[in-house]
Amino acid sequence: MKPFFRYLSSAILPACAILLSSCEKKAETQAEATPAISLDTYFTATAPADAQAISSVRTSAKPGDSVTLTGLVMGREKPFVEGRAAFILGDPAKITPCNKMPDDHCKTPWDACCDTPEAKREGTATVQLLGEDQRVLKRSIKGEHGLKELSTVTLTGTVDKSSTPEALIINATALHVAE
């Protein structure tokens, strides 16, 4: 039995190593082929005028409508979608970040953990930046122009075709981040 296992391990281990190394080379090649995407064109120095609350837009806007919203980056423990230009914007009239609550000790005040799931659903929107192919850009937006959890954001965009009254999705075309 022992010689069989020695033969098996000597034949399989090198094959696995070759397969793994070829996967790494392919991943490196794909990363090198993807050009860096600049998000600067989406950011503005001044806030778009006549911004509405998310809860107001949620009840009145339909897919394809142009909208202007304002809110805070909040509503989840991780409001930024990793590796994508997308985040959750919360309506401070509907949900409250924990740092605005008395005697707050929350490490992630942007998650609005004291609010109900219904309040979070009614008071949040998913904001995403689309590329020319109409897909969400494959780049994190966190940190761009100072964008972080609890940043105040005013944006102009279009309600996505897959948006519903339960899940408001905005394809942003202009973002303003206030400190």
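The values are calculated or read from the model by the stated rules, or taken from the named source; none is laboratory data. None of the values given here were measured: they were computed from a predicted structure. So basically every Cβ, Gly included, is an ideal-geometry build from the backbone, and we count neighbours across all protein chains shown. Surface accessibility is based on the protein's heavy atoms, side chains included, excluding ligands, DNA and RNA. Shrake-Rupley method; radii C 1.70, N 1.55, O 1.52, S 1.80 Å.
What order do you get for 73-80, 114-121 when each peptide is scored by the mean count of other beta carbon atoms within 10 Å, highest first?
Highest-to-lowest ranking by the protection proxy: 73-80, 114-121.
Could you look at the range 99-165 and say what percent of its accessible area is carbon and sulfur, using a 1.4 Å probe and all protein chains?
50
Residue by residue through the range 38-50, what is 3J(HN,Hα) from phi via Karplus (6.51 cos²θ - 1.76 cosθ + 1.60, θ = phi - 60°)? Round to whole Hz and write x for glycine and proline.
8, 9, 4, 5, 8, 9, 10, 7, 10, 6, x, 7, 6
Going toward the positive end of the dipole of the range 71-175, with +1 on Lys and Arg Cβ and -1 on Asp and Glu Cβ, which of 150, 117, 95 do you reach last?
It is 150, whose Cα lies furthest towards the positive end.
For residue 44, what residues show an amide H to amide H distance below 5 Å, using hydrogens built from the backbone and excluding near sequence neighbours?
175, 176, 177
According to a simple spin-label model (label point 7 Å from Cα along Cα-to-Cβ), what is the distance in nm between residue 179 and residue 116?
Modelled inter-label distance: 3.8 nm.
Mind scanning 107/138; 78/138; 78/142; 94/138; 62/148; 100/138 and naming the pairs with a C-alpha gap bigger than 22 Å?
107/138; 94/138; 62/148; 100/138
What full-extension length gain, to one decimal in nm, is calculated for residue 65 and residue 38 as 0.36 nm per residue of separation minus the Cα-Cα distance?
Between residue 65 and residue 38, full extension yields 7.1 nm more.
So if I place +1 on the C-beta of Lys and Arg and -1 on the C-beta of Asp and Glu, and nothing else carries charge, what would the dipole magnitude of the range 87-135 be about its Cα centre? I want it in debye, nearest 20.
40
Taking the solvent-accessible surface of protein heavy atoms with a 1.4 Å probe, what is the per residue accessible area of the range 59-133 in Å²?
55
Report the relative contact order of the range 108-179, percent, no decimals, based on alpha-carbon pairs under 8 angstrom and at least 6 residues apart.
Reported relative contact order: 35 percent.
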